[in-house]
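Asker: I am attaching a structure below and will ask some questions about it afterwards.
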Amino acid sequence: MTTGTMNQRGRAQRHPRADGERTRAAILRAAASLATVEGLEGLSIGNLAAATGISKSGLYAHFGSKQELQLATVEEAERIFTAEVVQPALAARPGLAQLAAACEAFLGYVQRRVFPGGCFFAATALEMGTRPGPVKDRIAAISSGFTALLQSFAATAVEQHELPAREDPGRLAFELHAILLGADTEFVLHDDPAVLDLARQVVRQRLGLDNGTTAGDS
């Protein structure tokens with residue numbers, strides 16, 4: 001067997017795997033979008049087939065159960081959330097700038113309609129909150145992880161005297177997360193970017209960024 005023949009066979013073996021990975025990624029992206037409108041419980045092979053143009057038999061080849069599909073969809077939504085919100089925040093200067101960047105990135109992610117039903121985790125948290133199991137646990141862990149990230153940014157801001165020493169990082173993170181979730185809900189309900197602009201103003205005021213000085217100066 002010639003080297004050229006071996007290389008051709010190697011490429012032939014790799015292409016189906018790469019094609020399968022791309023197909024799976026496309027399925028999960030469609031599933032995450034559908035879940036923000038129809039819920040994770042509303043996901044089915046049938047509606048995914050309609051959304052992606054892939055046959056039901058082709059979809060069954062990727063997922064062995066509904067729970068497997070749901071968990072894979074949550075994982076894809078987390079990947080997107082990390083790219084859209086977490087990474088831009090981590091790229092900012094540590095402390096208050098990261099806290100502000102995280103809030104702005106979240107509001108931008110909602111405003112750009114990355115998912116048609118708003119933030120994936122806001123859309124699915126209440127639905128799965130009363131359904132014990134690994135899907136609920138994973139959604140809860142991701143949501144808690146984002147709040148913990150906000151808290152860590154706030155703690156750094158307090159340490160750097162960008163926020164008052166009396167500021168409780170955990171409470172501030174809770175407040176900011178509540179503002180973001182409230183803005184997401186209002187935007188989805190009313191399709192009005194003004195509610196996101198209002199949320200931006202509230203966040204900046206809460207962080208002391210609208211008076212020309214840092215909150216630690218007060």
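Asker: Along the charge dipole of the chain, pointing to its positive end and built from +1/-1 on Cβ of Lys, Arg, Asp and Glu, which listed residue (Phe146, Ala30, Ala97) has its Cα farthest out?
Answerer: Positive-end residue among those listed: Ala30.
Asker: For the full complex of protein chains and a 1.4 angstrom probe, list Thr130, Thr185, Thr82 by accessible area with the highest value first.
Answerer: Accessible-area ranking of Thr130, Thr185, Thr82, largest first: Thr130, Thr185, Thr82.
Asker: Follow-up. Round to a whole number: what % of the accessible area of the chain belongs to carbon and sulfur, probe 1.4 Å?
Answerer: 54 percent
Asker: Work out, step by step, the length gained on full extension between His161 and His190: first 0.36 nm times the residue separation, then minus their alpha carbon distance; give nm to one decimal.
Answerer: Full extension of this stretch gives 6.6 nm more.
Asker: Sort Asp184, Asp192, Asp137 by heavy-atom solvent-accessible area, probe 1.4 angstrom, most to least.
Answerer: Asp137, Asp192, Asp184
Asker: Stokes-Einstein diffusion coefficient for region 157-201 at 4 °C in a medium of 1.567 mPa s, Rh from the Kirkwood formula over Cα pairs: what value in µm²/s?
Answerer: Answer, rounded: 109 µm²/s.
Asker: In addition: Roughly how many Å is it from the Cα centre of region 137-154 to that of region 30-99, as a whole number?
Answerer: Spelled out, the Cα-based centre of one part sits 18 Å from the other.
Asker: Would you work out the Kirkwood radius for the chain? I mean one over the mean of 1/r across all pairs of different Cα atoms, in Å.
Answerer: Taking every pair of different Cα atoms in the chain, averaging 1/r and inverting gives 19.3 Å.
Asker: Taking a point 7 angstrom from the Cα of Phe174 along the C-beta vector, which residues in region 87-110 have backbone N less than 15 Å away?
Answerer: Backbone N within reach: none found.
Asker: Whole-Hz Karplus ³J(HN,Hα) for region 38-45, in order, using 6.51 cos²θ - 1.76 cosθ + 1.60 and θ = phi - 60°, x for Gly and Pro?
Answerer: Values, residue by residue: 9, x, 5, 6, x, 5, 8, 4 Hz.
Asker: Additional query: Return, for the Cα atoms of region 27-84, the radius of gyration and Dmax in Å, separated by a comma.
Answerer: Spelled out, the Cα radius of gyration and Dmax of region 27-84 are 10.7, 33 Å.
Asker: Can you compute the helix-only [θ] at 222 nm over the chain? Use -39500 (n - 2.57) per DSSP H run of at least 4 residues, normalise by all residues, nearest 500 deg cm²/dmol.
Answerer: -23500 deg cm²/dmol
Asker: How much FRET efficiency would the formula 1/(1 + (r/R0)^6) give for Leu126 and Ala50, where r is the Cβ-Cβ distance and R0 is 25 Å, rounded to 0.05?
Answerer: Working from the Cβ atoms, E equals 0.45.
The values are calculated or read from the model by the stated rules, or taken from the named source; none is laboratory data. What you see is a predicted model; the values in this text were computed from it and never measured. Using ideal geometry, Cβ is built from the backbone for each residue, glycine included, and neighbour counts are taken over all protein chains shown. Note: accessible area is taken over every heavy atom of the protein model, side chains too, but ligands, DNA and RNA are not part of it. Shrake-Rupley method; radii C 1.70, N 1.55, O 1.52, S 1.80 Å.
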